[in-house]
Structures are given as C-alpha cells and as structure tokens.
Amino acid sequence: MGKHATDVDKAIFLTHLLYVHQAKAARNAGLAKQTATDIKNAAADVQIRYAEQGLPPPTIQEQVEQIRRKEGTGGSNKKITDEEVIELMEACTLNKTQRRKLWHIVAKEEGFFDVHRRTIEKKLRARSLRRTKSTKKLSLTDLQRAQRYEVALLRKDWGLEEWRKVIFSDEAAIVISAKRGMQNVSRVLGEDRYHPDCIERRYNNYTEAIFWGCFTYDFKGPCHIYYKETEEQKESNEAEMDRINEEEVEVECRVAFDAQEREKERKWDEKGQKWPKKRASWEVY
C-alpha cells in the first residue's frame, strides 16, 4: 500500500478524492498511481465495515487511522476465540427473536465491533450453525390436534385404492401489499426443525382473497380465486352448492354405485357365493 505515503498524504488524497477524480487527487497529494489506488481501496473497505456494523460513515481521520492499523497488522482482522464463538452462538439461538436476527447484528449487540462480518459467519458455520427457512405451522387448539390425530389413525392402513378416491385441496390467503416471504432463522444442523423458536405460526384470521386448487390420483382440478363474500353471497353460494349436490353429484354417485354393486353381484354369482344380507348404501361411495 504505498509505504512512503504519510498519514498527511493519505488525508490530503482522500479529501481531494471527494471533489475530483482519482488521478488528479493523486497528483495533488504527490502520490504514485498504484499507491493512490491502494489507499482508495483500503478506505472503501473501512466504509463498508462501518456500514455493516451500523455505524455512521467514517471521517477522513478515522479512515486514515483504520488504514494505518491495517498496515500495522498486515491486513488481518481481530481474532475471535473459541469461547467467544460459543458465547456468540448461544446469543444467536437464545430465543425466537434472536434466531431471526442476522449474525453480524447479534455480534454487534454482544460487543464484537472489530470482528469482520465474514469472520463471524465462517466461525459460526464451522460449528454447524446455519440460516435456514423457518417452519410454517398452523396454530391449532388442543381439540383440533386431537381431531386431526384421530383422522390420521383411521387412515393409517389405507392403500392405493382408497387414496386414489380422495381429492386433495389447499388454499393460500392473499393480503395485498403485505410482505410474505421466507423468514430465515438460526438453527444448528440436526436441531429439531419443530423447535418452538424455529416455528413461524400461520393464522387465517384475515385475508383479502383466497387462491384455491385441488388434485386427485389421476386428475388435476381447476384453480379459483375467491374474494371476501358478503352475507348475501354466502347464502346464495351455499344454496347453489346444495342444489349441485342434490341434482348432479348425488345422481352421478348413485349411477356409479349401482354399477359397482352389479359388478360385485356378477362376481359372487360366478363364484357361487351368497349375497351378503347387509348391503352398503350409495352414501359410502
């Protein structure tokens, strides 16, 4: 970095650099081209480090002092001990609020002002700490959990024939102009992704529109966007669904169920078996 450049030369160069281009500032300070380039790059590193630590922009004097310190240490940053890394790691995973913060923000709060951001990230990653996507989980009451668990137990032994008759549907709430993106948290490799501090709760209390879609074993259904309904619209839509179920869906189910029963009867007759006394009704189809 220009071993013959004094602190005064550096200050003069950086001051002129605020108003003129680099070549003219170097001539005014009496510096060689490469020396001026090295000083400019070193000053830029100081400004970046201050910005990463959330500090105000450094003055000319502060830039010169930081450049002199860097020259005196051969360009190395402050070392961080293993004990300090463990302390910083515990601070990053202390609670849900801390897990959401970036590592260099936590480091600054813990007093590590002179440690470079990349050094902090390297040390924490070496101890298997990662920035991962938070786990999205719907907030359920104890009754809702019990009901879902019971449904899961009833279907744990289902095979392909049962599951291919099921229609899977899902919806996504839409809030215009709201931030809806990935919320990263700090989590150690192998740590439970369902740790309470790593879960981002979802609530369906407020929405401006809903995107809905469905699919089944061999068919992908249509997609719809529903906007908030008025009471009159709700009553009208419910009446229309009841009509469709009674006039269309029920008729189709009865026809399909009857065909299924006739096929069963044919197979029973071929095998010489008696027909069962208790027969299923079409509602189970």
**OP:** Divide the volume of the convex hull of the Cα atoms of segment 1-131 by its number of residues and quote the answer in cubic angstrom per residue.
**Re:** 116
Original post:
PRE reach from ILE60 (point 7 Å along Cα→Cβ): which of segment 4-22 fall under 12 Å by backbone N?
Top reply: 8-20
Original post:
So which residue, out of VAL115, VAL188, VAL249, gets the largest mean-square fluctuation from a GNM of the chain using Cα contacts under 10 Å as springs?
Top reply: VAL249
**OP:** Pop a pseudo-label 7 angstrom from the Cα along the beta-carbon direction at both ALA152 and GLU208 and give the gap in nm to one decimal.
**Re:** 3.5
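Please tell me which of these pairs span more than 25 angstrom C-alpha to C-alpha: LYS108/LYS133; LYS96/LYS137; LYS96/LYS136; LYS101/LYS122; LYS156/LYS271; LYS70/LYS96?
Details: LYS108/LYS133 23 Å; LYS96/LYS137 15 Å; LYS96/LYS136 14 Å; LYS101/LYS122 17 Å; LYS156/LYS271 32 Å; LYS70/LYS96 37 Å.
From LYS108/LYS133; LYS96/LYS137; LYS96/LYS136; LYS101/LYS122; LYS156/LYS271; LYS70/LYS96, over 25 Å: LYS156/LYS271; LYS70/LYS96.
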**OP:** Starting from the amide H of GLU200, placed 1.01 Å from N in the peptide plane, find each other amide H under 5 Å away whose residue is 5 or more places distant or on another chain.
**Re:** THR135, LYS136, LYS137
**OP:** State the Cα centre-to-centre distance between segment 1-45 and segment 218-269 in whole Å.
**Re:** 79
Original post:
Taking 0.36 nm per residue of separation and subtracting the Cα-Cα distance, what length does fully extending GLU250 through ASN237 add?
Top reply: 2.9 nm
Original post:
When ligands, DNA and RNA are left out and all protein chains stay put, how many square angstrom of accessible area per residue does the chain have with a 1.4 Å probe?
Top reply: 74
Original post:
Cα gyration tensor of segment 208-279, axes a ≥ b ≥ c as square roots of the eigenvalues: rounded (a/c below 1.5), prolate (a/b > b/c) or oblate?
Top reply: prolate
**OP:** Quick one: grab the alpha carbon gyration tensor of the chain, order the square roots of its eigenvalues as a ≥ b ≥ c, and give me rounded if a/c is under 1.5, else prolate or oblate depending on whether a/b is larger than b/c.
**Re:** prolate
Original post:
Counting alpha carbon pairs within less than 8 Å and at least 6 residues apart, what relative contact order, in whole percent, applies to segment 1-127?
Top reply: 20
Original post:
Which whole-number percent gives the relative contact order of the chain, counting Cα pairs below 8 Å spaced six or more residues apart?
Top reply: 13
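At a 1.4 Å probe, what is the % contribution of carbon and sulfur to the accessible area of the chain?
Carbon and sulfur atoms account for 53 percent of the accessible area of the chain.
The values are calculated or read from the model by the stated rules, or taken from the named source; none is laboratory data. Quantities reported herein were computed from a predicted structural model and do not represent experimental measurements. Ideal geometry is used to build each Cβ from the backbone, glycine not excepted, and the neighbour counts take in all protein chains shown. We work out accessible area using only protein heavy atoms, side chains counted, and drop any ligands, DNA or RNA first. Shrake-Rupley method; radii C 1.70, N 1.55, O 1.52, S 1.80 Å.
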